[in-house]
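First comes the structure, then the notes that go with it.
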Amino acid sequence: MLGKELRELRERKKKQAEEAEPNDEGDTFTAEAVSTKLGFSRSKLSRVEAGEIPLPKLADLEALLDEYGVTELSDRETLLQMQRDSLKSEPVTTFRNVLPSGMPRYLGLERDSVAIRGFENNVVHGLLQDQAYAQALMGSAKIVEERTTDAVERGVQARLERKTLLEGDREVHIILTENTLRTMIGSPAVMRAQYAEIIRLCERDNIEVQIIPENLPTYRAGFCFTVLRFDELDPVVQSDGYRSITMWSKPSDVGQCQRQFDAMAKAAPGPSHTPSFLMELEEKLWK
């Protein structure tokens, strides 16, 4: 996450330089140029940005932040904390989603993933939600969480924009519990529209959705999680908590979640059963 954020900051600075001096083309902000200027080895920054190596020296990070013009104290502290977290083996928990570059931590990783495997037993997974469902879900928490109408609308828009990830060839496999789909969010009309959206997404070759029936005596994970796989980075696991997002990258933690997912995927009816299951459930509950 630290490497991705540093790359985002450098690319933003490079773009600004190109706009200011079109003939310069931002050459002073290539990874090699910045490394040379700050006295790093030629490949050091590229490897840090790729997540291949950590950045253990605090002074090196301070120098990069100065070079990229990150002056806001709270922004610098966010990145300094990320640097400290990157040197630990424990899970990383953040209470601040938006980083100085404007890139949320988890969404930045999700965007760069090649495969997403998620389990949800509370609400429909965010990647599957349609607009009416997301609106009703976030609107129901507006007063309790003291959100403004504008904040709710921006949250809904962000969720819809996130769904552009489904348009490529990224492998997406989501498992839901029947209880998730029985819980009414908004109104029967909202639920019918949400069922229709899941059925529509199931038609895509790169998307699989499975549902664990309520009466199926099988294993269910005790918490919701999403496993992200990458081409060049090790997989990570994300889980939402109260006012926080927790990320795990230790192989033992990731492996445990992958085994949990595999067990549920093996036991649940296959993805081809999902459309008919939803249509039958709709007939029972929302007609």
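The values are calculated or read from the model by the stated rules, or taken from the named source; none is laboratory data. On a predicted model such as this, the values are computed, not experimentally measured, just so you know. Note that we place each Cβ from the backbone using ideal geometry, even for glycine, and neighbour counts take in every protein chain shown. Ligands, DNA and RNA are stripped out before the accessible areas are found, and what is left, the full protein with its side chains, is counted by its heavy atoms. Shrake-Rupley method; radii C 1.70, N 1.55, O 1.52, S 1.80 Å.
Here are a few things to note about the model shown:
- Estimated distance in nm for a label pair at Leu216 and Glu18, the labels positioned 7 Å out from Cα along Cα-to-Cβ: 4.7
- Cross-link partners of Lys142 among aspartates and glutamates, defined as those whose alpha carbon lies under 20 angstrom from its own and excluding same-chain residues fewer than eight positions apart: Asp130, Asp150, Glu153, Asp240.
- Helix 58-67 and the long axis of the chain differ in direction by around 90°, with both axes built from C-alpha atoms.
- Over 23 Å (Cα to Cα) - which of Lys14/Lys88; Lys13/Lys88; Lys4/Lys37; Lys14/Lys44; Lys88/Lys266; Lys15/Lys57 fall in this group: Lys14/Lys88; Lys13/Lys88; Lys88/Lys266; Lys15/Lys57
- Near Ala50, no amide H atom lies under 5 Å from its own; only residues 5 or more places off or on other chains count, and H is placed 1.01 Å from N.
- Calculated from backbone phi, Karplus (6.51, -1.76, 1.60) coupling profile of the range 10-19 in Hz, x at Gly/Pro: 5, 5, 5, 5, 4, 5, 4, 5, 5, 6
- Estimated FRET transfer efficiency when R0 is 25 angstrom, pair Asp27-Arg162 (beta carbons, to 0.05): 0.15
- Taking amide H positions as modeled 1.01 Å from N, with prolines and chain starts lacking one, the residues under 5 Å from Ile245 and 5 or more places away or on another chain are Thr94.
- Leu73 sits with roughly 140 Å² accessible to a 1.4 Å probe, with DNA, RNA and ligands left out of the calculation.
- Residue list for the range 173-198, given a label point 7 angstrom along the Cα-to-Cβ vector of Asn122 and an amide N cut-off under 18 Å: 175-186
- Relative to the dominant Cα principal axis of the chain, helix 131-140 is inclined by about 90°.
- Short-range pairs are left out: with C-alpha atoms under 8 Å and at least six residues apart, the relative contact order of the chain is 19 percent.
- Two-site label geometry, Glu11 and Leu87: point separation in nm, points 7 Å out along Cα→Cβ: 2.8
- Between helix 251-267 and the chain: long-axis angle, C-alpha atoms, 0 to 90°, nearest 10: 20
- Per-residue Karplus couplings for the range 268-284, computed as 6.51 cos²θ - 1.76 cosθ + 1.60 with θ equal to phi - 60°, are listed in order as 6, x, x, x, 5, 7, 4, x, 5, 4, 5, 5, 5, 5, 4, 4, 6 Hz, Gly and Pro entered as x.
- Stokes-Einstein D (µm²/s) once Rh is taken as the Kirkwood radius of the chain over alpha-carbon pairs, at 37 °C in 0.692 mPa s: 156
- Computed on the Cα atoms alone, the convex hull of the range 105-238 gives a volume of 124 cubic angstrom per residue.
- For the listed peptides 258-270, 118-130, a ranking on the average number of other beta carbons within 10 Å per residue, highest first, reads 118-130, 258-270.
- Once the chain from Phe230 to Arg154 is taken as fully extended at 0.36 nm per residue, the excess over their C-alpha distance is 24.5 nm.
- Selection of trypsin sites (Lys or Arg not before Pro), the range 32-71, meeting DSSP coil and at most 12 other Cβ within 10 Å: Arg42, Lys57
- A Förster radius of 41 Å, combined with the Cβ-Cβ distance separating Ile143 from Leu38, puts the computed FRET efficiency at roughly 0.25.
- Interchain or long-range residues, amide H under 5 Å from Ile174's placed H: Gly118, Glu208, Val209, Gln210
- Rg to Rh, two decimals, where the range 126-166 supplies the alpha carbon set and Rh follows Kirkwood: 0.99
- By the compact-protein rule of thumb, 2.2 N^0.38 Å, the alpha-carbon radius of gyration of the range 161-203 corresponds to a ratio of 1.31.
- Magnitude of the charge dipole for the range 210-287, about its Cα centre and with charges confined to Cβ atoms of Lys, Arg (+1) and Asp, Glu (-1), is about 220 debye.
- Considering only the Cα atoms of the range 1-82, their convex hull presents on average a projected area of 5.1 nm².
- Normalised contact order of the range 179-242, rounded percent, pairs of Cα under 8 Å and 6 or more residues apart: 17
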